[in-house]
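Since the structure comes first, as structure tokens, the remarks are kept for the end.
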Amino acid sequence: MSKQKRTAIEPTREQNYAEWYQQVIKAADLAENSEVRGCMVIKPWGYAIWENIQRALDERFYESGHRNAYFPIFIPKSFFEKEAEHVEGFAKECAVVTHSRLEDNGEGGLKVAGELTEPLIVRPTSETIIGASFAKWVNSYRDLPLLINQWANIVRWEMRTRLFLRTTEFLWQEGHTVHENYEDAMLETRKMLDVYANFAAEYLALPVIKGEKTDSERFPGAVNTYCIEAMMQDKKALQSGTSHFLGQNFAKASEIKFQNREGEMEYAWTTSWGVSTRLIGALIMAHSDDNGLALPPKIAPSHLAIIPIYRDEEEKKEVLKYCKRITDLFVKDYFEDVRVYTELDDRDLTSSERNWYWIKKGIPLRIEIGPRDIASEAVMVARRDKEPRDKQSVPISELHSFVHKSLREIQDAYYQRALEFRKANTIKIDDKAEFYRFFTPQNQNQPEIHGGFAHSHWCQDPACEEQIKNDLKVTIRCIPFEQEEEEGHCICCGKAAKTRVIFAKSY
RNA sequence: CGGGAUGUAGCGCAGUCCGGUUAGCGCGCUCGGUUCGGGACCGAGAAGUCGGAGGUUCAAAUCCUCUCAUCCCGACCA
């Protein structure tokens, strides 16, 4: 059949986006569903991406004065109850530990025993348990600001899960800070959102929109929730990170008080902010294509796949010797702040099979090395951002600089492509009928990829937000920071409105 | 938790309506040979509690009852 048109991933994005996403993960061997409902196993290639995310973010947190610490996975129920909105927001998705022991049930099985006097909640987020520590640590304005970060796992008992995007247990980072006043806390909240946005752009090659959540989407217990929103290739929005200004709400709940410069006792101002393994989902859906994963070099676990090509043992020996010269060029080599790693793939498979294997894994560069290259003192280099058969010969003498130049170009190309995709699918809409048309698929039974980001006016009435959500499954992703004041009419009710918000379908 | 569907080899499926030798097919896996810079080909082979329990029957993957699990659509969400 027409081999030229065969894609490594089936179905394609166009055919069935949700299934395509699953297949990309499988083909790249990033993760798999575990035996435990809703929980995933993150495999080495996927976990390495997470470690790279950690490394880059951790450095930024440290540079901005934050220090890592670790708090318990269990939160006593009573702690959780202290902040009313907070409880309400998370109550429906908590895993609760009620017993401490297993006993023989007399039928070859086990029964739970040892009921706890107070149930423990497996943290869905740590504001309350960390608050309890902070209450002890903060006594004076001289103790502030207190800047703490925790890398941890979290459990939220979601109904429907999808690898990386929404799993019952997930990995994340949660920053928790305490400040003397409103301004400092607000500054911190916004600063960390910038850290996230810059990280997303520079490392994940992911352009994001910074903005504020509406009341209905706000973190339970927060005063303001800020977020970064990214557009996936199915034109849906993915919330990729959040930063919360908590005001004095949690300080009051946890009794975080300090003696201020005037000698009076005062409740502190706190913030919290986080990103999770969901970022890997964002990464996948932003850049991957119908041939599988595509990784920006600054976040890729490995950068060069070296594929030796030979016919017999004798040729193999010679080619491998030549390969050693190539790998030696990149020993302890750095692409900007990222360590360059190479993968020598001399498995007993055909060269094309090995080639496609690395294409599906998203490795930025593939280097084919065979007898012809030895003769010409060169190698064949292929880039993941170009067509699979698009290869070029590069002399060994230029290979190191060529690789570095290419890595930079690939990183930029992914960012540009994602940015252009978002631009092409973002429009201003002022007419209600057009708005409804924009978010309605042609084929209701099997909705095609449609919609995008709609910048439209909103009157701030939650009823309008609710109406749109019910009619179209479209929500306000955020009220973007960057926009010019422009009088208009609410896209739903038509009343006068001053700001445009971003409407989109979302994950 | 409501509506729909599916459980058969590692993966993807056929067979079930209409019960009948040894439960098939594709991919993958193992071995041998030929290949090898666009996902190789030929030959041989291994691999299955037909989700589980109970029932009907001379006979059950197939019919009946119960049960468990998964997926999709809703409500919920980093």
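Here are a few things to note about the model shown:
- Within the range A:344-360, the only residue that satisfies the criterion of being touching a Pro at 6+ places or on another chain (Cβ under 9 Å) and within 20 Å of A:LEU283 (Cβ to Cβ) is A:ILE359.
- Inside the range A:361-374, residues that are surrounded by fewer than 22 Cβ atoms within 10 Å (Cβ to Cβ) and within 27 Å of A:VAL24 (Cα to Cα) make up a count of 1.
- Test: residue in the range A:340-350 that is touching a residue at least 60 places away in the same chain (Cβ under 8 Å), away from RNA strand B (no atom under 11 Å from the Cβ) and more than 30 Å from A:LEU204 (Cβ to Cβ): no
- The residues on offer are A:GLU266, A:GLU229, and the sole one that is in contact with a strand residue (DSSP E or B) (Cβ under 9 Å, 6 or more places away or on another chain), of a type in the set (Asp, Glu), assigned to a strand (DSSP E or B) and within 13 Å of RNA strand B (Cβ to nearest atom) is A:GLU229.
- Members of the range A:440-465 found to be more than 27 Å from the chain's Cα centre (by Cα) and part of a helix (DSSP H, G or I), listed by number: A:PRO462, A:ALA463, A:CYS464
- The one condition in (1) within 9 Å of RNA strand B (Cβ to nearest atom); (2) more than 15 Å from A:ALA305 (Cβ to Cβ); (3) open to solvent by 20 Å² or more (accessible area, probe 1.4 Å); (4) touching a helix residue (DSSP H, G or I) at 6+ places or on another chain (Cβ under 9 Å) that A:GLU377 fails to fulfil: (1)
- Residues of the range A:426-455 satisfying the condition of being open to solvent by 80 Å² or more (accessible area, probe 1.4 Å) and closer than 13 Å to A:ILE502 by Cα: A:LYS428, A:ASP430
- Residue check for A:THR189: touching a His at 6+ places or on another chain (Cβ under 7 Å), assigned to a helix (DSSP H, G or I) and open to solvent by less than 10 Å² (accessible area, probe 1.4 Å): yes
- Only one entry in A:CYS493, A:CYS459, A:CYS464 is in contact with a Cys (Cβ under 7 Å, 6 or more places away or on another chain) and surrounded by fewer than 17 Cβ atoms within 10 Å (Cβ to Cβ), namely A:CYS493.
- Output for the range A:125-155, where each listed residue is within 14 Å of RNA strand B (Cβ to nearest atom), open to solvent by less than 30 Å² (accessible area, probe 1.4 Å) and in a strand (DSSP E or B): A:ALA152, A:ILE154, A:VAL155
- Residue match in the range A:255-274 (condition: of a type in the set (Ser, Thr, Tyr), under 21 Å from the mean Cα position of the chain (by Cα) and not assigned by TED's automatic domain parsing to the domain that holds A:PRO447): yes
- For A:ILE309, the conditions (1) surrounded by 24 or more Cβ atoms within 10 Å (Cβ to Cβ); (2) within 14 Å of RNA strand B (Cβ to nearest atom); (3) hydrophobic (A, V, I, L, M, F, W, C); (4) outside the structural domain of A:GLY221 (by TED's automatic domain parsing) all hold with the exception of (1).
- Residue match in the range A:84-93 (condition: farther than 30 Å from A:ALA132 by Cβ, under 22 Å from the mean Cα position of the chain (by Cα), at pLDDT 85 or above and open to solvent by less than 30 Å² (accessible area, probe 1.4 Å)): no
- Selection from the range A:156-168 of residues that are open to solvent by 20 Å² or more (accessible area, probe 1.4 Å) and more than 8 Å from RNA strand B (Cβ to nearest atom): A:TRP157
- Total residues in the range A:6-45, condition closer than 14 Å to A:GLY292 by Cβ, away from RNA strand B (no atom under 12 Å from the Cβ) and open to solvent by 30 Å² or more (accessible area, probe 1.4 Å): 2
- For A:THR117, the conditions (1) surrounded by 15 or more Cβ atoms within 10 Å (Cβ to Cβ); (2) of a type in the set (Val, Ile, Thr); (3) at pLDDT below 95 all hold with the exception of (1).
- Residue that is most open to solvent (accessible area, probe 1.4 Å) [pool: residues in the range A:413-425 that are of a type outside the set (S, T, N, Q), touching a residue at least 40 places away in the same chain (Cβ under 8 Å) and farther than 17 Å from A:SER302 by Cβ]: A:ARG417
- Scanning the range A:251-263 for residues that are open to solvent by 10 Å² or more (accessible area, probe 1.4 Å) and either within 16 Å of RNA strand B (Cβ to nearest atom) or touching a helix residue (DSSP H, G or I) at 6+ places or on another chain (Cβ under 6 Å) (or both) turns up A:SER254, A:GLU255, A:ASN260, A:ARG261.
- Within the range A:489-507, the set of residues being assigned to a strand (DSSP E or B) and away from RNA strand B (no atom under 16 Å from the Cβ) comprises A:HIS489, A:ALA496, A:ALA497, A:ARG500, A:VAL501.
The values are calculated or read from the model by the stated rules, or taken from the named source; none is laboratory data. Source: prediction; values computed, not measured. Neighbour counts are summed over all protein chains in view; Cβ atoms, including those assigned to glycine, are modelled from backbone coordinates with ideal geometry. The area values use the complete protein model at the heavy-atom level, side chains included, leaving out ligands, DNA and RNA. Shrake-Rupley method; radii C 1.70, N 1.55, O 1.52, S 1.80 Å.
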